[in-house]
Amino acid sequence: SRTHSSKVERACSAMMNADMDAVEAENQVELEEKTRLINQVLELQHTLEDLSARVDAVKEENLKLKSENQVLGQYIENLMSASSVFQTTDTKSKRK
């Protein structure tokens, strides 16, 4: 009876160990998946920060170029108004 009892105890112990190993393996898989997802989220956050910074830089560059274009446009307008080539004269209109 004692031998039978110890065999049953060993069998129960082995089953419990197997169950615990299975739970531990499952937990390990879950932990690895969580770690992978956290790393992916962090990578996406960094990418978003980089893109956001790039958008800000492009906006700033765009404003600078708009300002430069306005200055150039005004300069060209001033040159055209000062040049006789772009002025309509009475002699030119009489020839037409």
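The values are calculated or read from the model by the stated rules, or taken from the named source; none is laboratory data. Small disclaimer: the values here were computed from a predicted structure and weren't measured. Positions of Cβ are backbone-derived with ideal geometry, glycine not excepted, and every protein chain shown enters the neighbour counts.
Could you identify the single residue in ALA53, ALA22, ALA57 that is modelled with pLDDT under 95 and part of a helix (DSSP H, G or I)? Going through ALA53, ALA22, ALA57 in turn, just one is modelled with pLDDT under 95 and part of a helix (DSSP H, G or I): ALA22. For segment 1-15, the criterion of being outside any helix (DSSP H, G or I), at pLDDT below 85 and out of contact with any Lys or Arg (no Cβ under 6 Å at 6 or more places or on another chain) is met by at least one residue.
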